[in-house]
Amino acid sequence: MFGDLMGMMGKLKESQEKVKATRERLKTVTLRESSPDGLLEVTVSASREIRDIQISGELLGDKEQLTDYLVTVVNRAMQKAGEIHDAELSAAAKEGMPDIPGLDNFLK
């Protein structure tokens, strides 16, 4: 019994380390999202940090259009980054989890 418990504790520790390493790696994964016309481009990390924003000079004269572009493109970039982030962390956490009956149903 205690051997199984110690094994499970070891797997949980391993899972925590994998999640930590995955979080660090996600800081280095970047993705770009652009407006359809290419006038604005946002680069974000998979850890949901804005890294760069490129704005065409054409947008600088129209504050309302620039604001609309920023909101739309940043939101799309953050959504995609969030999907990558969540999928990677979920996979890392599940990989090291001990085989406990019913745990999958509990995690849903």
Looking only at residues that are among the acidic types (Asp, Glu) and surrounded by 10 or more Cβ atoms within 10 Å (Cβ to Cβ) in segment 57-71, which one is nearest to SER35 (Cα to Cα)? ASP68
Log entry, pairs with first residue in segment 42-56 being within 12 Å of LYS80 (Cα to Cα), second being among the charged types (D, E, K, R) and in a loop (DSSP other than H, G, I, E, B), beta carbons closer than 6 Å, six or more apart or on different chains, reads SER45/LYS27; SER47/LYS27
Per the list (1) modelled with pLDDT under 90; (2) part of a loop (DSSP other than H, G, I, E, B), residue check on GLU17 breaks on (2)
Collect the residues in segment 41-89 that are modelled with pLDDT of 95 or more, touching a helix residue (DSSP H, G or I) at 6+ places or on another chain (Cβ under 8 Å) and of a type in the set (Asp, Glu), keeping them in residue-number order. GLU41
For segment 31-47, name all the residues that are surrounded by fewer than 16 Cβ atoms within 10 Å (Cβ to Cβ) and either within 26 Å of GLU95 (Cα to Cα) or charged (D, E, K, R) (or both). LEU31, ARG32, ASP37
Name, by its number, the condition in (1) more than 30 Å from GLU95 (Cβ to Cβ); (2) surrounded by fewer than 12 Cβ atoms within 10 Å (Cβ to Cβ) that does not hold for GLU83. (1)
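The values are calculated or read from the model by the stated rules, or taken from the named source; none is laboratory data. Just so you know, these numbers come straight off a predicted model, no measurement behind them. In this analysis, Cβ positions are derived from the backbone assuming ideal geometry, glycine residues included, and neighbour counts consider all displayed protein chains.
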